[in-house]
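Everything below concerns the one structure shown next.
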Amino acid sequence: KAGARGTMSSYTVGINPLYGQPLPSLASADAQGLITPERMREVVMKTATAAAAMNAVLDYAGGVELKLRNKDASQPVPKKQLKTVMKLMQNPNPTQTNRQFKLALMRDIFTFGFGAIEIEFDEDTGTEPVNLWVMDAARLRVDYDEHGNIRGYDMLDAHGNPVLRNRSTTDNMYDFPVTGQGMGVDAAMPGHIAGEHGWQPEEVIFFNLNPMSNSVYPSSRIVQLFTNAVIEDLMMHFIATRFTDSNVPFGIMDLGEVTEPELRIAIENWNAQAQEQHRILLTGSKGGAKWIPFGYHLKELEATGLLAEVRGKIMAILGVTMNELGESQDVNKSNGYNL
């Protein structure tokens, strides 16, 4: 069976299982993790087009009512399970409403391509789910073998260390009980029983939006968007700083065959008259003066065209059209539904 399934090319050998398998983007292009998922998400979500597309999707999807059905569509849903699950969906945890819970989960799925929910069980039996919590996908790591069998889930804390079970809050140290799940002592972390993940597979619901055959992780939206988001931010910065009301273009004024006395008079006149913005002063030299700019004009750079193309690529990656963002001027015979 294992041989028939083959192996995953994204599987990395020698990784501490407590840290889980690295994301495909970190394992290949950025092994040092210099551009972290948190940083990429920040850059992408601060880009106007990506943020507008995300808001449009979340505004629509957040209001969609979710209902339950049996795995076998021909059979009714068991009443006890229906009551339990509907209660959790309506009140997932003490701090979030149903809509807030869904929006937090869908935001991770929208940006990273995957999301996860932690199932909190009751303390008495340990089998009855009582709360659902959205796990931050940027810090979530999945530990799986080379065949894709999930062995556990882990989260990285603010210091980059895995969040483990039975963490002591008094001395900030980790206590590791010897349980049946142990598979020997982990040499990387003395005292740790290898295999003791922060969450076991049955304690997490993993959502996969864009699955791939080479990894348990899906293709990340922010990885696909990152380059275009940076280009859009740079183009907006370029346009904003180059063409402002108080901006003076860089260049050289060639005064032609001007004499030294004429130059002095021109400087005096310039200092005396240049009190207003965008005022053009001429020297009146016989040789004629000309302005030699250091840069190109906006039209020559085609900055607006490039910006529109980058925005179009961002919307194509996210699957959102201009009309869905609220832009209806291009819609012919638009009705209320389209608006």
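Against the numbered list (1) at pLDDT 90 or above; (2) in a helix (DSSP H, G or I); (3) hydroxyl-bearing (Ser, Thr, Tyr), Ser25 comes up short only at (1). Among residues of segment 40-52 that are without any contact (Cβ under 8 Å) to a residue 40 or more places away in the chain and open to solvent by less than 40 Å² (accessible area, probe 1.4 Å), those with a Cβ under 6 angstrom from a residue that is of a type in the set (A, V, I, L, M) and part of a helix (DSSP H, G or I), sequence gap 6+ or separate chain, pair up as Ala51/Met45.
Restricting to segment 104-122, what's the tally of residues that are at pLDDT below 90 and farther than 18 Å from Glu202 by Cα? Here the count works out to 4.
So, of the residues in segment 61-80 that are open to solvent by 40 Å² or more (accessible area, probe 1.4 Å) and in contact (Cβ under 8 Å) with a residue 12 or more places away in the chain, which turns out to be farthest from Ile231 (Cα to Cα)? It comes out as Leu68. Within segment 307-323, being open to solvent by 70 Å² or more (accessible area, probe 1.4 Å) and aliphatic (A, V, I, L, M) holds for Ala316, Met322. Residue under question is Lys313, and the condition is that it be closer than 28 Å to Glu257 by Cβ and either modelled with pLDDT of 60 or more or β-branched (Val, Ile, Thr) (or both); does it hold? When the stated conditions are applied, Lys313 does not pass them.
The values are calculated or read from the model by the stated rules, or taken from the named source; none is laboratory data. Computed from a predicted model, the values in this text were never measured in an experiment. Cβ atoms come from the backbone with ideal geometry, glycine included; neighbour counts cover every protein chain shown. Just so you know, the surface numbers come from the protein's heavy atoms only, side chains and all, with ligands and any DNA or RNA stripped out. Shrake-Rupley method; radii C 1.70, N 1.55, O 1.52, S 1.80 Å.
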